[in-house]
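The values are calculated or read from the model by the stated rules, or taken from the named source; none is laboratory data. This structure is a prediction, so every number in the text was calculated from the model and none was measured. Glycine gets a Cβ as well: all are built from the backbone with ideal geometry, and neighbour counts include every protein chain shown.
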Amino acid sequence: MKTSKLAQLVMTVAASVVSYSHAFAIENEDIPPIGIISDVGTDLPTVLANVTTWILTLAGALAVLYLIWGGITYITGGEKGAESGKKMITNAIIGIAIIALSIVIVRAVLTAIGA
């Protein structure tokens with residue numbers, strides 16, 4: 001059974017998201033969860049955690065909007081739009097995968113520095 005590269009990428013991203021939730025199953029109350037800013041502090045680790053949370057949340061929202069836009073372009077654009085839509089969808093999924101991996105990296109770094 002052949003699967004397309006796009007389907008393989010989607011499965012990889014889905015597996016990464018599922019693995020991410022299991023990797024951080026033990027809660028660390030010192031680090032605010034990504035997407036929620038619970039502590040407004042002035043120390044460097046807290047400021048870095050808050051800034052990266054906002055940036056990654058905004059990037060994720062923009063990537064999802066780009067994915068939706070690509071889907072609409074794919075559906076309504078005819079032959080030319082289908083090509084453009086496929087590229088947009090592929091780029092959006094790659095962007096979402098990069099954002100998901102960066103969330104894991106940020107959480108690991110924050111845990112390592114004790115933020």
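Residue under question is residue 59, and the condition is that it be modelled with pLDDT of 65 or more, surrounded by 15 or more Cβ atoms within 10 Å (Cβ to Cβ) and among the hydrophobic types (A, V, I, L, M, F, W, C); does it hold? Yes, satisfied.
Cβ-Cβ distances below 9 Å connect the following pairs, each with a first residue in the stretch 35-48 that is at pLDDT 60 or above and outside any helix (DSSP H, G or I), a second residue that is surrounded by 10 or more Cβ atoms within 10 Å (Cβ to Cβ) and among the polar types (S, T, N, Q), and a separation of six or more residues or different chains: 40/46; 40/50; 41/50. Does residue 100 qualify as being touching a Ser or Thr at 6+ places or on another chain (Cβ under 7 Å), of a type in the set (A, V, I, L, M) and at pLDDT 65 or above? In short, yes.
Taken together, the residues in the stretch 62-110 that are buried (at least 17 other Cβ atoms within 10 Å of the Cβ) and free of Cβ contacts under 8 Å to residues at least 60 places away in the same chain amount to 11.
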